[in-house]
Every structure is written in C-alpha cells, then in structure tokens.
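Okay, so here's the structure we're looking at.
The values are calculated or read from the model by the stated rules, or taken from the named source; none is laboratory data. Since this is a predicted model, take the numbers as computed values, not measurements. Glycine gets a Cβ as well: all are built from the backbone with ideal geometry, and neighbour counts include every protein chain shown. Ligands, DNA and RNA are stripped out before the accessible areas are found, and what is left, the full protein with its side chains, is counted by its heavy atoms. Shrake-Rupley method; radii C 1.70, N 1.55, O 1.52, S 1.80 Å.
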Amino acid sequence: MAQQSSDNGDAVSETRLDRFVLNGRTGDLSTVPWKEVVSSEPATASGWIKELYRNERPEIYPFLLALRPSLTPYCMSPSRWAIHRDADLTDIVMDILLEPGIFSSHQGTYKNAQLGSLLLSILECCLTYIEHMVLKDEDFELDGHHSSQCIGNVYANTGRLCDALWDSRHLASKKTDLQTDTLKDFAGTAINCVQSLFNIHENLVPGTLDFSMHAAHCLLYFWPYDESREDDVDAMLTVEYMLDNNGSRSSSAREDFIHAVLAGHENYPRDLAKKLSRLLQNEYLPIESTRRIVGFCAAFMLASHYNPLSKVQLEEGTGLVYGLVVACQRLMCSDSVHHIRQALEDIVHALFHMDRSNFVDQLELCLGELNFVMIISEAIVAMLRGADYYPQGLNFAFCLLGPALVYACRIQDESPPRLFRETVIYQSTASIWHDKMRTLRMIQTQNDAHAADKAQAISIWQTFGWRMGFREGINVPADRVSVLSDESAYWKIPKRCFWSQCGCSFKAVHRMRVCKRCWRALYCNADCQSRDWEAGHHDICQSLEREHT
C-alpha cells in the first residue's frame, strides 16, 4: 500500500479509494480484487459505494457482492462493525435506497432491481447490528455519539423505507425482466429489514410504527414469497401484534388493511392461498403456529366486501378448505387442547365466508375420510357450551352442515341401502352421531335464549341424522376394540386412529403415536390410546405378548 505525508509530516497509508479519487475517478477498476479491499480496507466501503454509485460504475455489483458476506454476524466482529458504523455505511445505503427508481424493473438503466436488491441486502446486515445494539445484546454495546446518531437516522427513515419497499412489491413475485439470482431472496431480505425496523421502533418508542408506514403491509405481502423460511410464521405474528396494538382494533381498519394487501398484485391472493394451505397441512408445524395460521385465515375471510382470497381455486387436495379441515383435525387430536374452542370458531368463520361454489367444490374431499361432519359437530358443542356461548357462530356452523347433508343425500339416492351403509360418509357420521346427540342434550343452559339455541342445535342434528337413517337409542355403536394392523413395520401402517370412536379412525393427516407393547396400533394422542386400551386393546396386547413369548 502506498504512503503519503499528512499535514504534520506523519506518513499515512494511501488506500485504493484514495488513488481512484486522485486519478480523477476514471481509472480501470475491472481487475480490482474487491474481496481483498473489503478485508484490508473496511473503512473505505462507504466511500466506494458513494463513488461507484455517483459515477454509475458497473463495478458496484462485484463490490457489493464481495461486501455482503463480510457483514454477516458470522464474519464481522463488533470492532469491524464499529468501523462501518463510524463511516456511515447504514446512512449511505439507506439514502440510496430512498432515491426514486432504485428498484426499477426496466433493463438498460443503472438504477434497477438488481442494484436495489443488493443494496437492500447490505442494509439488512446493518439493521441486524443496530437491532442488537438497541436490544443491548451482550456482544454489542451502545458506545456514544456515533451509535446514537446511527440509530436516530434509522428511526427517522423507517417510514420512508417501508413505503419504498411497498412500492417495489412487484419484485417479490419474481415476474420482472431482471430475473437473476440477485433477486432470489428479495422477499426474505425485505421481511428481515422490516422486522428489524419494527423491533427497533418498538424498543425505542412502542406503538409508533402505525399502518401509514406500510410496515405491516410489507410483512404480509412478502411473506408468501419468502422461500428461505418456508415454515416461519414470525412475520405474521408481527402483523398480528400490529393489528392488535397500533390503532387498528376496529373492524373497518382491519378490513382496509387486508384489502390493500390482497389488491397488491393480481396473482397475490392465489400465492397467499398456496402458502396458507401448505402450512395448514404441514404436520410438523408447531401446534400453536397452526392455530395462529387458522386465525389468520379467519381474519382474511371476515372482510365484509369483495374478498378475492375466498374465490381462489387450487388443485385438488391443496385448497384452503381442505387445508383448514386438515389443520382442525390435527388441532383437535393434539395432546394440547389450548385454545381449541377459538380455533374451531375461526375455522367455522373462515369456511362460512368462503365463496359458496368454491367451498362446495372442495368439500367432497373432506366429508368422508377427514370426517368434516365431526369437526362441525365439535364446533357446535364448543360454541353452545358454557356461559359465553356464541349464537352467531352456531348459525354459521348450522349453515355448513347443509352442503354436507346435500352431498350425503346424493350418495344415498345413488346407492342401494346396503352399499350406502358401507360408504365412508355414512360410517364416519355413524361413529359420532349418537355421542354428539347425548352431549348436546346434557349441555346446561343459562337463560331462555341459550335454551332456544340448544333446542335448535338438537333439532338440526336430529334432522341431519334422521335423513341418513340414524335414530336415538337404535343401533348405537359400542366401543369396539381395535383390530391390529397386519403390517409388522409400524411406520408402514396407514395413518388412522385405532380407537373406533375417534374422528380420525378412517384417516389421519397428522403425526401419530404407536402402542409400544404391540407396535401394531396407531393413535392420535394419549386420550385415544387410553380409551382404546379400556375398550379391550390391553387384552390384545397381552395375548400378542404371550404368543411372542
């Protein structure tokens, strides 16, 4: 590295950036080893970005690509970050990102989506460190004027950056003319930036990041396109928090927000529906996350005016109706029943507000093996039971039974009685109809209105059963002991609950537990296993054990 003299006669190191400026900013930079520059001269990173951008030099691309890995938490120490912070790296990058046209999708312009995406990835790293400083992480300390100024500038520009990202949302779906690897992670990078900005705001001045800044809009819109964290729902949890705590408790504010996001791009409702359905059917997603996704679906569907999400039609077995029923079965059969009533209410709301023809088209897959009737009956019981019973939700649930009955009657009319009784829709309903009738009759009412709703529920459930040939007290199914699978390898046993009275006794779409004495029977949870044990499975286990001995 060349030496030059300072005013006081001391020798100072001359950087590559100094030589570039002294040569009139016209030198050849095509052979500059940018990784070496980033490593040996980190204090010049901000200057290089300013000079290369201001002079529209194409070398800004390889420079940013070399700088980005060095800014990750794995590669940068607090002392190295202090160098970038003191050189105003965050402010310089954010100022460029706030310029008009920096995310342009047109080819042939210096400002374009590739450049904007690269700069955004640099800002993502800077915001991560600032977030740590604000949260007072043990590895990063607030150290005087430079840190305070850096945080203050980020805080002041949060709204403008979120607006810029919202205006560039077309890049998330990767439909631009500049389709390259540079844009691959644009949605995930944008989410990380907004999430960090939100955390910084909440720690400095809670509740000030309102909807006018479009932070929640960005999180919700970019979420379906974030491929780096397919099963991550943190962005949606932040949106939920903002809905509840930032002046948007009114239903009209929520509706305006949801409709603004759904109208963000013509393909967005379909992309969102795909993401929601995938998560709803993911048996490895934590139960609490599944419950929250169900709540999000209900919030989307509850918008009173035109909702394009309710009309989205996906391939068979991937639609929202199927996903919601799968998620509900999993929630009901989990060992944790926390908030199950709220989940049932949310699912009833979401299904009731689906486009009617779309709902009916998807329903046939759910009526038989997934025991849709059992889910609705559980919802009716849950919303009728207790002092805080829910009359409106009951009416929604009653309406959802209608298409199920129409389908069952059509199958009944097309089949001889003996064959109809062998259908899955008949057998799955028979396994729960009598038990639910007894449960409804045993519910204690609080007042005359509650008693009237109970009577209506009993009448509707009776009518539903009578049309399919069920009568109270006649041919009541007993607790049948499970029949062991012929499959000796338990992981090959078709997934269903072996307790005959379970709603999943025909098909289960969630993880199962196996009896660890015989290894030939699967159950949804400990309760199903205990009931089947009492019904006689223990005799089978002991007999099989003696036989092996």
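Might you check whether a residue that is among the hydroxyl-bearing types (Ser, Thr, Tyr) and open to solvent by 30 Å² or more (accessible area, probe 1.4 Å) occurs anywhere in the range 427-436?
no
Can you list residue pairs whose Cβ atoms sit under 6 Å apart, with the first residue in the range 58-69 being surrounded by 18 or more Cβ atoms within 10 Å (Cβ to Cβ) and the second being among the small types (Gly, Ala, Ser)? Count only pairs 6 or more apart in sequence or on different chains.
Cβ pairs passing all conditions: LEU67/ALA45.
Every residue in the range 200-218 that is open to solvent by less than 40 Å² (accessible area, probe 1.4 Å), modelled with pLDDT of 75 or more and out of contact with any Asp or Glu (no Cβ under 8 Å at 6 or more places or on another chain), please.
HIS201, GLU202, ALA215, ALA216, HIS217, CYS218
Would a scan of the range 373-389 turn up a residue that is open to solvent by less than 10 Å² (accessible area, probe 1.4 Å), in contact (Cβ under 8 Å) with a residue 24 or more places away in the chain and farther than 19 Å from CYS502 by Cα?
For the range 373-389, residues open to solvent by less than 10 Å² (accessible area, probe 1.4 Å), in contact (Cβ under 8 Å) with a residue 24 or more places away in the chain and farther than 19 Å from CYS502 by Cα: present.
Could you tell me whether any residue of the range 96-104 is closer than 27 Å to TRP166 by Cα, polar (S, T, N, Q) and touching a residue at least 40 places away in the same chain (Cβ under 8 Å)?
Looking for residues that are closer than 27 Å to TRP166 by Cα, polar (S, T, N, Q) and touching a residue at least 40 places away in the same chain (Cβ under 8 Å), one finds none in the range 96-104, hence no.
Among the helices (runs of 4 or more DSSP H) lying completely within the range 242-310, list those that include at least 3 residues that are out of contact with any Ser or Thr (no Cβ under 9 Å at 6 or more places or on another chain) and either over 21 Å from ARG229 (Cβ atoms) or at pLDDT below 85 (or both).
It comes to 251-262.
Taking only pairs six or more apart or across chains, which ones have beta-carbon atoms under 7 Å, a first residue in the range 217-230 that is within 15 Å of LEU171 (Cβ to Cβ), and a second residue that is open to solvent by less than 20 Å² (accessible area, probe 1.4 Å) and of a type in the set (S, T, N, Q)?
Qualifying pairs under 7 Å: TYR225/SER173.
Step by step: first the residues of the range 413-426, then only those that are farther than 17 Å from LEU363 by Cα and in a helix (DSSP H, G or I), then the one that is most open to solvent (accessible area, probe 1.4 Å). Which residue is that?
By that ranking, first place goes to ARG418.
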